[in-house]
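Remarks on the structure that follows.
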Amino acid sequence: LVERLRAVFRGEVAYAANWDALEVPFAHALDSLGVSAYFPLVAEGERAGVSAMSRRWERPLRRLDRLRRDTGLPVFLAEVGYPAHPEAASAPWRPTSAGPADVELQADLFRAFCAAAAEDRRVAGYYVWNWFGWGGPSDPGYSPRGKPAAAVLETCMGRAA
């Protein structure tokens, strides 16, 4: 498929692997490799502070660095996102929860990401999932719009600019 694509497309070709399935047998045909970075940072039911969650990014960063070295490709985070609900730290891939919105946890998760990984040289860059949606303080979804996480990301991205 990548070979057929290159016959008609002159841009860079990337693929985004899921955080729990990093084996990409066709990586040799790509220009870069993305990862949907929904790594759990706590056990189910556990609550951790920003510094602990930031330290827990080290294991995924080592895995991403190994992927970078094994493939010889730049590895970027195709999606870094946290819903604003109580299970976001243990299951960031889960868009909904029975619990109420937890915008402070969402902000803390982005604080942990920014402290640990946003400027880590083992990662070629990142994209935040997702800005669209109404957002706001009662929205348990992924959008940081209208929530404390937006200010966290503004500061984080401002450092990188």
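The single condition among (1) under 30 Å from Pro25 (Cβ atoms); (2) within 13 Å of the chain's Cα centre (by Cα); (3) of a type in the set (A, V, I, L, M, F, W, C) that Leu67 does not satisfy is (2).
Just to be sure before I move on: is Gly146 closer than 30 Å to Glu23 by Cα, surrounded by 13 or more Cβ atoms within 10 Å (Cβ to Cβ) and at pLDDT 95 or above in the structure I sent?
no
For the stretch 56-72, does any single residue satisfy the condition of being at pLDDT 95 or above, among the β-branched types (Val, Ile, Thr) and closer than 26 Å to Gly136 by Cβ? No, every residue in the stretch 56-72 fails to be at pLDDT 95 or above, among the β-branched types (Val, Ile, Thr) and closer than 26 Å to Gly136 by Cβ. So, in the stretch 84-135, how many residues would count as being under 26 Å from Arg69 (Cβ atoms) and open to solvent by less than 80 Å² (accessible area, probe 1.4 Å)? Number satisfying all stated conditions: 15. The residue that is nearest to Phe9 (Cα to Cα), among those in the stretch 24-71 that are in contact with a strand residue (DSSP E or B) (Cβ under 8 Å, 6 or more places away or on another chain) and open to solvent by 70 Å² or more (accessible area, probe 1.4 Å), is Phe26. For the stretch 74-83, filtered to residues that are surrounded by 20 or more Cβ atoms within 10 Å (Cβ to Cβ) and assigned to a loop (DSSP other than H, G, I, E, B), the residue that is farthest from the chain's Cα centre (by Cα) is Pro83.
Select from the stretch 1-20 the residues that are out of contact with any Gly (no Cβ under 6 Å at 6 or more places or on another chain) and among the aliphatic types (A, V, I, L, M) and write down the one among them that is nearest to Ser90 (Cα to Cα). Let's see the steps before the verdict.
Going through the stretch 1-20, the residues out of contact with any Gly (no Cβ under 6 Å at 6 or more places or on another chain) turn out to be 1-13, 15, 17-20.
If we keep only those that are among the aliphatic types (A, V, I, L, M) too, we end up with 1-2, 5, 7-8, 13, 17.
On the way: Leu1: 35, Val2: 35, Leu5: 37, Ala7: 42, Val8: 42, Val13: 32, Ala17: 20 Å.
Among them, the one singled out is Ala17.
With respect to the conditions (1) in contact (Cβ under 8 Å) with a residue 60 or more places away in the chain; (2) farther than 16 Å from Val123 by Cα; (3) among the aromatic types (Phe, Trp, Tyr), Phe9 lacks only one, and its number is (1). Residues that are more than 23 Å from Glu44 (Cβ to Cβ), in contact with a helix residue (DSSP H, G or I) (Cβ under 7 Å, 6 or more places away or on another chain) and either without any contact (Cβ under 8 Å) to a residue 60 or more places away in the chain or of a type outside the set (A, V, I, L, M, F, W, C) (or both) do occur in the stretch 124-140, at least one of them.
Counting just the residues of the stretch 1-22 that are closer than 30 Å to His85 by Cα and in a loop (DSSP other than H, G, I, E, B), which one comes out least open to solvent (accessible area, probe 1.4 Å)?
The initial filter retains those residues of the stretch 1-22 that are closer than 30 Å to His85 by Cα, namely 15-22.
Right, trim to in a loop (DSSP other than H, G, I, E, B) and you get 19-22.
Numbers: Trp19: 44, Asp20: 91, Ala21: 46, Leu22: 18 Å².
Top of the filtered list is Leu22.
Across the stretch 92-113, not a single residue is classified as modelled with pLDDT of 95 or more, under 19 Å from the mean Cα position of the chain (by Cα) and of a type in the set (Ser, Thr, Tyr). If you check Pro140, Pro144, Pro95 for being of a type outside the set (Phe, Trp, Tyr), assigned to a loop (DSSP other than H, G, I, E, B), more than 22 Å from Ser32 (Cα to Cα) and in contact with a Ser or Thr (Cβ under 8 Å, 6 or more places away or on another chain), only one passes: Pro140.
The values are calculated or read from the model by the stated rules, or taken from the named source; none is laboratory data. Small disclaimer: the values here were computed from a predicted structure and weren't measured. Cβ sites come from the backbone with ideal geometry, for glycine too, and all protein chains shown count toward neighbours. Ligands, DNA and RNA are stripped out before the accessible areas are found, and what is left, the full protein with its side chains, is counted by its heavy atoms. Shrake-Rupley method; radii C 1.70, N 1.55, O 1.52, S 1.80 Å.
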